[in-house]
Amino acid sequence: MVRMTAIRGAARLGAGMALALGLLGSGTLSGSAEAAAGCAGRKVRTLEFATGEVRVYRSGHNKCAVTVAKRPGSRTWMSVSVQARGSKPLTDSGFYRRQAGPVTVRAAHRCVRVKGTVGSRSTASGWILC
């Protein structure tokens, strides 16, 4: 006997796949660097370290960050974290091939702190973009 939860889960998965294929077919996802990063706005800071870099973007009141590996390919532990002053940090981490993130915070007139990790190496900024 098949549970209704399993049927609903399969239906959601099918709908998600159809949406992704539709976006790819319509050209919404492009091969540009901005689309690959996933952050809107302009790049305002790059924090480089031995195994990768953290790219920081600003768009209006939003600040966004992505950690990108220098040598993409095999799955490596990556993380990116953005913290607006006075708030808890938002983080994306896991085993990725190319990048961790994007992570976006709304930080109108507030400083942010950014951290990134690729493998065993990491970097962190102080309070920036005030």
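The values are calculated or read from the model by the stated rules, or taken from the named source; none is laboratory data. What you see is a predicted model; the values in this text were computed from it and never measured. No Cβ is skipped: glycine too gets one built from the backbone with ideal geometry, and neighbour counts run over all protein chains shown. For the accessible areas, the whole protein counts, side chains as well, though only heavy atoms, and no ligand, DNA or RNA atoms are used. Shrake-Rupley method; radii C 1.70, N 1.55, O 1.52, S 1.80 Å.
A probe of 1.4 angstrom, applied to the heavy atoms of all protein chains, finds Trp127 with accessible area near 80 square angstrom. The mean accessible area for residues of the stretch 34-130, using a 1.4 Å probe and ignoring ligands and nucleic acids, is 54 Å² per residue.
Hey, if we sort Val44, Val82 by accessible area with the 1.4 Å probe, largest down, what's the order? Write out the running numbers ahead of the final one.
Numbers: Val44 40, Val82 0 Å².
From most accessible down to least: Val44, Val82.
Extending 7 Å from the Cα toward the beta-carbon at both Ala124 and Arg71 defines two label points whose distance is 2.7 nm. Over the stretch 60-130, the hull volume per residue, using the convex hull of the C-alpha atoms, is 78 Å³. Counting only protein heavy atoms and a probe of 1.4 Å, the accessible surface of the stretch 41-125 is 45% carbon and sulfur.
Just add up the charged neighbours of Val68: K/R +1, D/E -1, any other residue whose Cβ is under 9 Å from the Cβ of Val68.
That sum, taken over residues with Cβ under 9 Å, equals +2.
Between Ser59 and Cys111, the modelled labels are 2.6 nm apart [label points 7 Å from Cα along Cα→Cβ]. Residue order by solvent-accessible surface for Phe49, Phe95 is Phe95, Phe49, largest first, with ligands and nucleic acids left out and a 1.4 Å probe.
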